[in-house]
Every structure is written in C-alpha cells, then in structure tokens.
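J.: One structure, as structure tokens, below. Some questions next.
Bear in mind these aren't lab numbers, they're just calculated from the coordinates by the rules spelled out. Just so you know, these numbers come straight off a predicted model, no measurement behind them. Here the Cβ is made from the backbone with ideal geometry for all residues, glycine too, and neighbour counts use every protein chain on show.
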Amino acid sequence: MIRSILVSIFFFVGPALLMFMLRNIVLITRLWLKNRQLHAHDREIIDITPIHNHIHPNWFVITVVIISLFSAVSVFVELQRSDDVGPHQYVPAHMGESGTIVPGGWKPKEPLSAP
C-alpha cells in the first residue's frame, strides 16, 4: 500500500515537473530568438532589468494538476488491482528432506479448510 502511494506520488510530480520544464525551455527559446531578431543589427547596451509579471497562466497550472492527478490515480488503481495475483506467503530457505538447502521464495497459500 505504501509503495503504491509513493509510486503514485512520483507519477503525480513527474509529469508536472516535465511539463513545467518543457514550458520553460520553449519560453526561453522563444525569448532568445525574439531578442536575437530584434537586436541583430544594433550593438548598444540594453537594460535587462527583470520585470516580474504573472509568471505563468492559470490555465497551464490547472492543466498540469489535472494531468498529474490523472496519471497518479491511474497508476495507483493499476497497482491496487490484484485479480491476477493469488495470496502468497514467503517460505524462508530451509533444509530439505534429503539434506539439501532449499532456497526461499514465494509460494501460493493453501486455502483454509473449514472444520
């Protein structure tokens, strides 16, 4: 259960980080190309004082949250599906009847018999 939650958190944060990184790379590339085009011929000093406007639009943040939630929920649901896996129990390594070492492993559980 905890492993499923941690994997789901990873699949929530992962797409969000990737989308923000992709957005920033695209914006930086567009600004660089625009700046290069505007100042292709002049060679004077430019004031590059940063102006902090609204950093990112709200629709982008909402889209990131929706995609990340969808990804995290779908991974969590997929990890919780246990139709194809029957109950198992771990049998540690032990000595066999012939004196050889039998390695440990997961064995299917026997169904409980009703008395």
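J.: Taking H placed 1.01 Å from N in the peptide plane, check which residues at least 5 places from Val102 or on another chain put their amide H under 5 Å from its amide H.
T.: Distant-sequence amide H within range of Val102: His94, Met95, Gly96.
J.: Determine, for each peptide in 24-35, 65-76, the mean count of other beta carbons within 10 angstrom over its residues, then list the peptides with the highest first.
T.: 65-76, 24-35
J.: Any idea what log10 I(q)/I(0) is at q = 0.10, 0.14 Å⁻¹ for the chain, Debye with uniform C-alpha scatterers and no solvent?
T.: Relative scattering, expressed as log10 I(q)/I(0), comes to -0.63, -0.86.
J.: Looking only at the stretch 6-21, which residues have a backbone nitrogen under 17 Å from a spot 7 Å from the Cα of Ile67 in the C-beta direction?
T.: Under cut-off, by backbone N: 10-21.
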